[in-house]
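> So that we are looking at the same thing, I have put the structure below in structure tokens.
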2 protein chains.
Amino acid sequence: MNGKTTREQIIEAADRLFYQQGFEHTSFADISQAVNISRGNFYYHFKSKDEILDAVIKLRFLRTQTLLNTWEKHNQHPLERIRSFVNILIMNQNKIISYGCPVGTLCSELNKLNHSAEADANKLFDLFRQWLGQQFILLGHVDTADELALHVLAFSQGVATLANAFSDEIFVQREVNNMGKWLDSLTIETQHNHIFV
Amino acid sequence: MNGKTTREQIIEAADRLFYQQGFEHTSFADISQAVNISRGNFYYHFKSKDEILDAVIKLRFLRTQTLLNTWEKHNQHPLERIRSFVNILIMNQNKIISYGCPVGTLCSELNKLNHSAEADANKLFDLFRQWLGQQFILLGHVDTADELALHVLAFSQGVATLANAFSDEIFVQREVNNMGKWLDSLTIETQHNHIFV
DNA sequence: GTCTATACTGAGATAGAC
DNA sequence: GTCTATCTCAGTATAGAC
């Protein structure tokens, strides 16, 4: 069919279901049904539910790295790269309105479960944080790069949470526009400092 | 001892545990242990877990209304009232770093569970939204009051989510300061419009 | 109002046949 | 690699004694 191994299919189904239903609320029955295998067969591929979670986090990590690399390749200007990040809110609008941010909601859930994989999930946040910080450094904001990165990250989390609660597309669009203006103002202030790579 | 009925004790324990551990992850055993009653006795007070959730949401709703009224009473100026809201992030810093925002994380969880109480939980957000909007109207921002309210609400959600993920007090303080400056700039622009109540 | 005992269910996990 | 059957356990919920 699609050439994907059963293991890969399981991870992708789990990825989707953990996002839509939460980790704890998703049962082996749910996943095996989605992949069309028996529950028993499951344990040939994964020894426990936590192992699937690890695999899902790893998959998300790799996909995020790929995404960030793509943005870097396609945008010469660091400001445009940051805009690519902000624009996920528009690109993934429907999913975010339905289920929130995949990173934020997973970290939040694992935190409440006091789950050992919480630290790994938080690394997804770190990935964005580091990358955004790097772009702000390239924009000349060397001293405040990390602060600015966290600010943009917090913005995206706040918008995702409320978009989910209120199911409000117009709100998302408006906030993304606001953030765009804020990014403009940041650049204008320091236009003479730009060093691109 | 403290004059509280068993029912009240149950609701308060559930309120705390739902916040710390999540709704689904909190069992009757957890709550009954916290209140020091038997699991069986539980069902004299509540017919199901969902009934406890309803009671918890109702409690949070009433407490939020009380809080908003207090802020209105203690601050004549709408701007100071909004600052009171923003300052919850500092006041409840430790809890937020440990468990996130009680409203945001509950709404997010109930959304994933596809739980019927999600709409009621979202009303907690509505309460803040309406109240903040009212303050912005008093500040003279009649046309954009709701947009500004959502902006402040999104800010608080974003900061709470990242504060929880990164356990970062300094980040919280910095973002609250930034928001304070933003609120100042909003007021300066329209100082001549102020009408207080 | 509170307790113990117990029924029922669903979920994670294992064993072993094919 | 995949299946069925089964175990174990936690969690919700009920019945009935006190």
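The values are calculated or read from the model by the stated rules, or taken from the named source; none is laboratory data. From a predicted model like this one, the values you see are computed outputs, not experimental measurements. As a convention, Cβ positions derive from the backbone with ideal geometry for all residues, glycine included, and neighbour counts pool all protein chains shown. Note: areas computed on protein heavy atoms with side chains; ligands, DNA, RNA excluded. Shrake-Rupley method; radii C 1.70, N 1.55, O 1.52, S 1.80 Å.
> When the accessible area of chain B is computed with all protein chains present and a 1.4 Å probe, what percentage of it is carbon and sulfur?
Numbers: 4860 of 9610 Å².
The value for chain B is 51 percent carbon and sulfur by accessible area.
> Summing Lys, Arg as +1 and Asp, Glu as -1, what charge do residues with Cβ under 12 Å from the Cβ of B:H115 carry, B:H115 excluded? Don't jump to the answer; show the numbers that get you there.
Working: positive: B:K49, B:K112; negative: B:E24, B:D50, B:D54, B:E109, B:E118, B:D120.
Overall, the nearby charge balance is -4.
> Using a cut-off of 12 Å between beta-carbons, work out the net charge of the residues near A:A55 (Lys and Arg +1, Asp and Glu -1, A:A55 not included). Numbers along the way, then the final one.
Values: positive: A:R7, A:K47, A:K49, A:K58, A:R60; negative: A:E8, A:E12, A:D15, A:D50, A:E51, A:D54, A:D120.
Cβ neighbours under 12 Å give a net charge of -2.
> Let me make sure I get this right: for the stretch B:1-93, a, b and c are the square roots of the gyration tensor eigenvalues over alpha carbons, sorted descending. Under 1.5 in a/c it's rounded, otherwise prolate if a/b > b/c, else oblate. Which is it? Walk me through the intermediate numbers first.
Details: a/c = 2.82, a/b = 2.32, b/c = 1.22.
It comes out prolate by the Cα gyration axes.
> Please give the residues from the stretch B:74-122 for which the solvent-accessible area of heavy atoms, probe 1.4 Å, is smaller by at least 20 Å² with all protein chains in place than with the chain isolated.
Buried by 20 Å² or more upon assembly, which counts only protein chains, are B:T105, B:S108, B:N111, B:K112, B:L113, B:N122.
> Compute the helix-to-body angle for B:49-74: its Cα long axis versus the longest principal axis of chain B, expressed 0 to 90° and rounded to tens.
Taking Cα atoms only, the helix is inclined about 30 degrees.
> Assuming a ≥ b ≥ c are the square roots of the Cα gyration tensor eigenvalues, decide whether chain A counts as rounded (a/c under 1.5), prolate (otherwise, with a/b larger than b/c) or oblate. Present the calculation step by step, with values, prior to reporting the outcome.
Values: a/c = 2.33, a/b = 1.96, b/c = 1.19.
Judged from the Cα gyration tensor, chain A comes out prolate (a/c at least 1.5, a/b above b/c).
> Over all directions, what mean area does the Cα convex hull of the stretch B:85-197 project, stated in square nanometres? Can you show the working numbers first?
On the way: hull surface 30.7 nm².
Averaging across all directions leaves 7.7 nm² for the Cα convex hull.
> With a cut-off of 18 Å, note down the residues of the stretch B:101-134 whose backbone N falls inside the zone around a label point 7 Å from the Cα of B:S48 toward its beta carbon.
Flagged as within label range: B:110-121.
> So, one more: Loop only per DSSP, at most 14 neighbouring Cβ atoms within 10 Å: give me the trypsin sites (Lys or Arg not before Pro) in the stretch B:1-85, ordered by residue number.
Sites meeting the loop and neighbour criteria: B:K4, B:K47.
> Now for a separate question. What angle, in degrees between 0 and 90 and rounded to the nearest 10, separates the Cα long axis of helix B:78-91 from the longest principal axis of the Cα atoms of chain B?
The helix B:78-91 is inclined about 40 degrees to chain B.
> Another one. Taking the dipole about the Cα centre of the protein assembly as shown, with the C-beta of Lys and Arg at +1 and of Asp and Glu at -1, give me whichever of B:F61, A:Q93, A:Y44 is farthest to the positive side.
A:Y44
> Between the stretch B:10-30 and the stretch A:152-190, what is the C-alpha centre distance in whole Å?
Rounded to whole Å, the Cα centres lie 33 Å apart.
> I want to check the label-to-label distance for B:R16 and B:A29. Put each point 7 Å from Cα in the C-beta direction and report it in nm to one decimal.
2.0
> Along the Cα-to-C-beta direction of B:R39, a point sits 7 Å from the Cα; which residues of the stretch B:1-21 have their amide N less than 12 Å from that point?
From the stretch B:1-21, the list is empty.
> Over the heavy atoms of B:M179, what accessible area does a 1.4 Å probe trace out, to the nearest 10 Å²?
10
> If the cut-off is 13 Å between C-alpha atoms, which aspartates and glutamates fall inside it for A:K181, apart from same-chain ones fewer than 8 positions away?
A:E80, A:E189
> Once you order the gyration tensor axes a ≥ b ≥ c over the Cα atoms, which shape class does the protein assembly as shown get: rounded for a/c under 1.5, otherwise prolate or oblate by comparing a/b with b/c? Before the final figure, lay out the partial values.
Numbers: a/c = 2.11, a/b = 1.07, b/c = 1.98.
The shape class here is oblate.
> I need the semi-axes of the equivalent ellipsoid of the stretch A:1-47: take the C-alpha gyration tensor, multiply each eigenvalue by 5, square-root it, list largest first in whole angstrom. Please list the in-between numbers first.
Values: eigenvalues 55, 33, 15 Å².
For the stretch A:1-47, the ellipsoid semi-axes come out as 17, 13, 9 Å.
> Next question, about the same structure. Could you pull the accessible area for A:V86 with a 1.4 Å probe, rounded to 10 Å²?
10
> Which net charge results for the neighbourhood of B:I137, defined as the other residues with beta-carbon distances under 14 angstrom from its beta-carbon, given Lys and Arg at +1 and Asp and Glu at -1?
Local net charge: -2.
> Return the value, in Å² to the nearest 100, of accessible area buried between chains B and A (probe 1.4 Å, both sides summed). Each step should come with its number before you reach the end.
Working: alone 11140 and 11130 Å², together 19230 Å².
That pair of chains buries around 3000 Å² in total.
> Determine the calculated [θ] at 222 nm for chain A from helices alone, applying -39500 (n - 2.57) to every DSSP H run no shorter than 4 residues and normalising by the residue count; nearest 500 deg cm²/dmol.
On the way: 11 runs with 153 residues, N = 197.
Result for chain A, helices only: -25000 deg cm²/dmol.
> Would you list which lysines come within 18 Å of A:K95, measuring only between C-alpha atoms, while excluding same-chain residues fewer than 8 positions from it?
B:K112
> Roll a 1.4 Å probe over the protein heavy atoms and report the accessible area of A:S38 in Å², nearest 10.
About 70 Å², ignoring ligands and nucleic acids.
> Here is a further query. Heavy-atom accessible area per residue, chain B, 1.4 Å probe: how many Å²?
49
> Let me ask something else about it. What gaps in nm, shortest first, separate B:K95 from its twins in the other copies when you place the label 7 Å past Cα toward the beta carbon?
3.3
> Suppose you put the label 7 Å out from Cα in the Cβ direction; list, shortest first and in nm with one decimal, how far B:E12 is from each other copy's label.
For B:E12, the inter-copy label distances come out at 5.2 nm.
> Is there a simple number for the mean count of other chain Cβ atoms within 10 Å of the Cβ of residues in B:19-32, and what is it? Please report the intermediate quantities before stating the final value.
On the way: counts 1, 3, 4, 9, 1, 6, 7, 1, 0, 0, 0, 0, 0, 0.
That average works out to 2.
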